[in-house]
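First comes the structure, then the notes that go with it.
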Amino acid sequence: MSRPVCATSRPVNRPNRRPRGWILPVVIGLACTLTWSAPAGAGPSDTGLKGAIDKILADARMDGGAASVVVADATTGERLYQRDGADRLMPASNTKLATSVAAMALLGPDYRYRTDVLSTGRRLGSTLLGDLYLRGSGDPTTLAKDYDRLAADLAASGVTRVTGRLVADDTRFDTQRLGRSWAADDESSYYAAQISPLTVAPDTDYDSGTVVVEALPGAAPGDKPRVKVTPPTDYVRLDISGTTVPAGQPDTLAVERQHGTNTISVSGNIPVGASATNEWVTVWEPTGYAAAVFSDALAAHGVRIVGTPRLGRPTPPGAKLLASHSSMPLRELMLPFMKLSNNMHAEALTKTIGYETAGHGTWAAGLSAISGHLQKEGVRTSTIRQADGSGLTRMNLFPAEQLATLLLSVRDAPWYADWYASLPVACNTDRAIGGTLRSRMCGTPAALNARGKTGSLTGASALSGYVTDAGGRELVYSVVLNNYLASSVKSIEDAIVVTLAKSDTGAGAIAAVPPRAPRSADPAADLECSWQKPKFC
């Protein structure tokens, strides 16, 4: 138990560091605030910040659970509230705070990925003698249309025939496709796709390494469902055993890839007149997926390749560049990455950091470099464990105190404005801005005010970020909750942030807000939006 800290009440010059038009007063009084940890369930007579947050954490959903919570003044760093701030808990997707900060610092906001088409062969009229190389550097945002543009550019150069093979060069990263301790039953799920420097995203959420499967009912009971794959590709095979049933019967249609294959099963029942079932499904071996999509694009543009594709071979030195695609800069990639909590972006960036800093596109090299940067930000890395870039593994452990330290430290970084803009905004219904917070804290002072990174695993939830209180004081908060049995504790996190937004912490005027009841009897309704696509998001 730490001692209470008392700051003298005096004017403090507070530079306006919040970008994009946020306004802070320049003079705010600091109040004497108790910061030691205390048992849950503070009495109702305690009207201070400590009592208010302790009461929120006394919610029955946290019985037997664990909470690590820290609130700090964003400018001075003064801790206004601490509860077991040093306890190591699973941060879930709050791990992306560490990965994203390190990416901006070590790669730079202008960093771009390149996907190149090269050859060592010579031209004989419209024929290219030799192999054609498709070389990836890790871009998780490459769309089918980008491969189509590469094929169009090659065709525009006059090539109509390649005598060799299409060789997919994915040697920028190692061959370990899945992170440590990722759950086997997530293999088909879009948030656990395999990582390769050559991949395809089917949409502008940039869910790399997946296809979108759309299933519609047939015209009459007994018909098979009508199924479409985006992007269109023969790299996956459909096994349709599902059935159309009469209107009004339960919709039990399920779409899942079979283990270790690219066979996607469509099973169960779908009623006549039912809306489409859409599932984002991972592929097995994204390098082959990229090669297949590019091969189809070449054929569509009249370029014929005689040989069969070959995967995993390096491009020879001295190969001539024939066409190239550059990704958006990292500052822009940060938006779909952080707003939508994209796991694949986090892992691609981790391996990219490893390649660019140590010459090895591996998780080990990337995580080592991330740890080194966290130390420079003042994070006590001896107190954390980071085993992947996204937070999908349950091996990650972060104390709230270290997350808060990171959030405080990065405010002076030259790229802070771009990074800050990538954080989801509470109750901003524009998906590109509100992200995974777009349906949370609506109708409260935290709406369009609080920014934060969400996190969800079974029995683990987190929310860390920034909020301005009623007196204009910018605060940093980190809330990490673990080991609960309830379907969701999101409203507990929200109550803490709303209490901060509604209170004047400098004046000691605390407006406690109780947690709302879960919004639905359906447990899925309280999952983080990034874990489910269309239903609640």
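Based on this model, can you work out whether residue 366 counts as at pLDDT below 95 and in contact with a Lys or Arg (Cβ under 9 Å, 6 or more places away or on another chain)? Answer is no for this residue. Checking the stated criteria, residue 315 turns out to be surrounded by 14 or more Cβ atoms within 10 Å (Cβ to Cβ), β-branched (Val, Ile, Thr) and in a loop (DSSP other than H, G, I, E, B). Remark: pairs (first residue in region 65-85, outside the structural domain of residue 476 (by TED's automatic domain parsing) and among the basic types (Lys, Arg); second residue in a strand (DSSP E or B) and at pLDDT 95 or above; Cβ separation under 8 Å; 6+ apart in sequence or on different chains) are absent. Would you say residue 299 is free of Cβ contacts under 8 Å to residues at least 60 places away in the same chain, under 18 Å from residue 231 (Cβ atoms) and surrounded by fewer than 22 Cβ atoms within 10 Å (Cβ to Cβ)? The answer is yes for residue 299.
Restricting attention to region 266-296, which residues are in contact (Cβ under 8 Å) with a residue 60 or more places away in the chain and more than 21 Å from residue 134 (Cα to Cα)?
Within region 266-296, 276, 277, 278, 279, 280, 281, 282 meet the criteria.
Filtering 86, 102 for residues that are closer than 13 Å to residue 398 by Cα and either in contact with a helix residue (DSSP H, G or I) (Cβ under 6 Å, 6 or more places away or on another chain) or of a type in the set (S, T, N, Q) (or both) leaves a single hit, 86. Of the strands (runs of 3 or more DSSP E) lying entirely inside region 59-155, those carrying at least 1 residues that are modelled with pLDDT of 95 or more and crowded, with 22+ Cβ neighbours inside 10 Å are 66-73, 79-83, 114-119, 127-129, 132-135. Mind listing whichever residues of region 96-129 are under 25 Å from residue 465 (Cβ atoms), touching a strand residue (DSSP E or B) at 6+ places or on another chain (Cβ under 7 Å) and not charged (D, E, K, R)? Hit for region 96-129 is 97, nothing else. Of everything listed in (1) farther than 20 Å from residue 192 by Cβ; (2) over 18 Å from the mean Cα position of the chain (by Cα), the single unmet condition for residue 451 is (2). Of all residues in region 168-221, those that are under 18 Å from residue 236 (Cα atoms), out of contact with any Gly (no Cβ under 9 Å at 6 or more places or on another chain) and among the hydrophobic types (A, V, I, L, M, F, W, C) total 3. When region 335-379 is limited to residues that are surrounded by fewer than 20 Cβ atoms within 10 Å (Cβ to Cβ) and of a type in the set (Ser, Thr, Tyr), the one that is nearest to residue 281 (Cα to Cα) turns out to be 362. Cβ separations smaller than 7 Å between residues 6+ apart or across chains give the following pairs from region 404-422 residues that are aromatic (Phe, Trp, Tyr) to residues that are at pLDDT below 95: 420/19. When the residues of region 142-180 are filtered to those that are closer than 30 Å to residue 387 by Cα and β-branched (Val, Ile, Thr), the one that is nearest to the chain's Cα centre (by Cα) is 142. Look at region 237-260: where a residue is in a loop (DSSP other than H, G, I, E, B) and a partner is loosely packed, with under 12 Cβ neighbours inside 10 Å, sitting 6+ places away or on another chain with Cβ atoms under 6 Å, you get 247/273.
The residues of region 476-493 that are surrounded by 24 or more Cβ atoms within 10 Å (Cβ to Cβ) and either in contact (Cβ under 8 Å) with a residue 60 or more places away in the chain or not in a helix (DSSP H, G or I) (or both), listed by number, are 476, 477, 478, 479, 480, 481, 489, 492. Of note, residue 199 satisfies the criterion of being within 28 Å of the chain's Cα centre (by Cα) and closer than 23 Å to residue 299 by Cβ.
The values are calculated or read from the model by the stated rules, or taken from the named source; none is laboratory data. Just so it is clear, the structure is predicted and the values come from calculations on it, not from any experiment. Note that we place each Cβ from the backbone using ideal geometry, even for glycine, and neighbour counts take in every protein chain shown.
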